[in-house]
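Working notes, beginning with the structure itself.
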């Protein structure tokens, strides 16, 4: 009798919790699928960006670590091999003919070969990579500060965004790209890296050139960079949201 | 039946609480009076507290459930800055067992637990937390983040307004801070709670010492901790305030603390709701909706 009553109570509790969860989950799922609610949620992004930029000085550096902190394994996420014929040819030639083009709203567009980039002044930084999924890894990156490249090409006053075009395409043939505010290109830790932990970048980590955009989440750090295009609007590029992942619902401002 | 009304003080001053009404002596009155307990209405929760409380109900539920969605994208916790394998504290995974079935396995400090059906594997899906516990229910990190960050702002704004009000109105000093006398009675209060003996009469008008410590702990330790550890996971905030990760023990430690603070909230909510039910569901709900709480004073008909 007593046992039966206890089961009844437990059943009641389970039923109540189940019903409550059903109401919350289905209510939220309906809102998620509605035409209007996600656009309210996405307003948060601008508020967060404004608030975070207000409390962070323009050149505040992401923490730099010591050699002892470097992760034994640096996970490679997202695309780990562009898999195209052209890319395979570059791999076969050890990227000797890889060119980086900087163009768009600039006075003097130009291109650099990988060898030419490696001749330029470089920066080495041991930083933490925070993936949107939640994991973090520490690696030592060496590359060319993007500010140096921009000084060469002289951006026009109406250049607002730098778009990074990449060599990788997904299964549906959509090309990977990313973007950042031109102002963020001048941050001292924003570099085009060609070395990870003292060795030339391998294919999973974005050979031969990948963006390091410290202070923002990992999906902003475009791999296999071929071209930096300066534009005044992101609307006409890709899905119009400023990046491959942004077009799939991730925030363009990835500071949190 | 004797009814004593105590009017709310809208200026936010001390709410006067009258002496308990003295039961009328049976010699001077008819016999029916002595068989009934006297009832007093007390204005217990002021409007800003009530609004803030009810706003927190959907806010916290959505924050917890969208947080579990985000956790599912990488269902493991670590200590320190990075998620290197030697730093792992907890994982929730699905594994194929020898008989070909998929099992949900939760590993805490190296100890494995079979959590099939809830954690690691549920409803035929390989996922850490089950679909009924996450917002949205399907695996969708980008949307989970949108929900979470939107409601995180509401939580912070609501919390800041409440804190300002609670300090200015002396709600903290008067109702939440335990007095020395409270603290001396903590042993008795723990014993009373264990046998589910709840305060009645005059003592029921104010929070008991365990209530005060719990509310104060949630409001001034766990809530700030969950906000700070949430912010500490932001690489931009880490650049602005590098000391934040220094005191929290690293970025992955902050993530772990965020998770622990979340489950402190979950535990608090479960005990809180249970106590609301046990100590008079309708009276408690009424007092948090209208402000008015009914206190029964020991009369002959009083039941414990």
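The values are calculated or read from the model by the stated rules, or taken from the named source; none is laboratory data. On a predicted model such as this, the values are computed, not experimentally measured, just so you know. Cβ coordinates were reconstructed from backbone atoms using ideal geometry, including for glycine residues, and neighbour counts include every protein chain displayed.
Just a few scattered comments:
- One residue alone among B:153, B:140 is facing chain A (nearest Cβ under 9 Å) and without any contact (Cβ under 8 Å) to a residue 40 or more places away in the chain, and that residue is B:153.
- Residue check for residue A:107: within 30 Å of residue B:91 (Cα to Cα) and more than 17 Å from the chain's Cα centre (by Cα): no
- Condition check for residue A:137: within 21 Å of residue A:179 (Cβ to Cβ), touching a residue at least 24 places away in the same chain (Cβ under 8 Å) and facing another protein chain (nearest Cβ under 8 Å): no
- Lone qualifier among B:226, B:269, B:218 - being closer than 17 Å to residue B:178 by Cβ, touching a residue at least 24 places away in the same chain (Cβ under 8 Å) and more than 10 Å from chain A (Cβ to nearest Cβ): B:218
- Considering A:60, A:20, A:50, A:68, the condition of being under 26 Å from the mean Cα position of the chain (by Cα), facing chain B (nearest Cβ under 10 Å) and farther than 30 Å from residue A:169 by Cβ is satisfied by A:60 alone.
- Test: residue in the range A:44-63 that is surrounded by fewer than 16 Cβ atoms within 10 Å (Cβ to Cβ), farther than 18 Å from residue A:151 by Cα and touching a strand residue (DSSP E or B) at 6+ places or on another chain (Cβ under 7 Å): no
- Lone unmet requirement of (1) within 24 Å of residue B:63 (Cα to Cα); (2) in contact with a helix residue (DSSP H, G or I) (Cβ under 9 Å, 6 or more places away or on another chain); (3) at pLDDT below 95 for residue A:41: (3)
- Annotation: of all residues in the range A:77-110 being closer than 30 Å to residue B:88 by Cα and more than 14 Å from chain B (Cβ to nearest Cβ), the one that is surrounded by the most Cβ atoms within 10 Å (Cβ to Cβ) is A:79.
- Elements of the type strands (runs of 3 or more DSSP E) sitting completely within the range A:156-202 and holding at least 2 residues that are over 14 Å from the mean Cα position of the chain (by Cα): these cover A:161-169, A:191-196.
- Test: residue in the range A:202-215 that is at positive phi, surrounded by 20 or more Cβ atoms within 10 Å (Cβ to Cβ) and within 14 Å of chain B (Cβ to nearest Cβ): yes
- Filter pass, residue A:192 being under 20 Å from residue A:76 (Cα atoms), more than 14 Å from chain B (Cβ to nearest Cβ) and touching a strand residue (DSSP E or B) at 6+ places or on another chain (Cβ under 6 Å): yes
- Failed condition for residue B:58, given (1) surrounded by fewer than 19 Cβ atoms within 10 Å (Cβ to Cβ); (2) within 11 Å of chain A (Cβ to nearest Cβ); (3) more than 17 Å from residue B:149 (Cβ to Cβ); (4) modelled with pLDDT of 95 or more: (3)
- Counting only helices (runs of 4 or more DSSP H) wholly contained in the range B:186-265, the ones carrying 3 or more residues that are buried (at least 17 other Cβ atoms within 10 Å of the Cβ) occupy B:209-217, B:223-232, B:235-240, B:243-248.
- Qualifying residue in the range A:228-237 (condition: at negative phi and within 13 Å of the chain's Cα centre (by Cα)): no
- Residues satisfying the stated conditions in the range A:108-126, i.e. closer than 21 Å to residue A:214 by Cα and in a helix (DSSP H, G or I): A:117, A:118
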